[in-house]
Amino acid sequence: MLDLYQTGQGALSELEPRLKHLRTQLKKLHEECALVEREAKEAPPRLQLIERLAAFTHRMRTNLSTLGFAERKQVIRLLVEEVMVNTTTEEITVRHILPVEQMFPLCKGSTFPGAE
């Protein structure tokens, strides 16, 4: 198309919409590329977090059967910072110390974006 315009066989009015469309597509591709690069950088820490949480869960499941009530209570107190009970809406909110990012909602009722 550019060759036709340069030789005078095509009009600028035909070229401009195509260039605008191509620029839009190029911008979208650059944004997608940036997103993929950002996700690639964030993936290893996420995987490491998941592995640590899985190892912690395994250890807790293995050892909880041998703990008494007082020891279980102590474990819960170490993990939970605050429990809020809303008697009006019948909602229970638990604030914990587990390092979970916003991209990893824990439950269906999570307030994080993307939680289902």
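Side notes on the structure shown:
- Filter result (within 30 Å of GLU39 (Cβ to Cβ) and either among the aliphatic types (A, V, I, L, M) or in contact with a Gly (Cβ under 6 Å, 6 or more places away or on another chain) (or both)) within the range 61-103: LEU79, VAL94, ILE97, LEU98, VAL100, MET103
- From GLU51, GLU81, residue being touching a Lys or Arg at 6+ places or on another chain (Cβ under 6 Å), open to solvent by 80 Å² or more (accessible area, probe 1.4 Å) and not in a loop (DSSP other than H, G, I, E, B): GLU81
- Residues in the range 93-108 that are surrounded by 11 or more Cβ atoms within 10 Å (Cβ to Cβ) and at pLDDT 70 or above: 4 in all.
- Pairs linking a residue in the range 29-50 that is farther than 22 Å from LEU98 by Cα to a residue that is open to solvent by 100 Å² or more (accessible area, probe 1.4 Å) and part of a helix (DSSP H, G or I), with Cβ atoms under 9 Å and 6 or more positions apart or on different chains, do not occur.
The values are calculated or read from the model by the stated rules, or taken from the named source; none is laboratory data. Everything numeric here is computed off the predicted structure, so don't read it as measured data. Note that each Cβ is placed from the backbone with ideal geometry, even for glycine, and that neighbours are counted across all protein chains shown. With ligands, DNA and RNA removed, areas are computed over all heavy atoms of the protein, side chains included. Shrake-Rupley method; radii C 1.70, N 1.55, O 1.52, S 1.80 Å.
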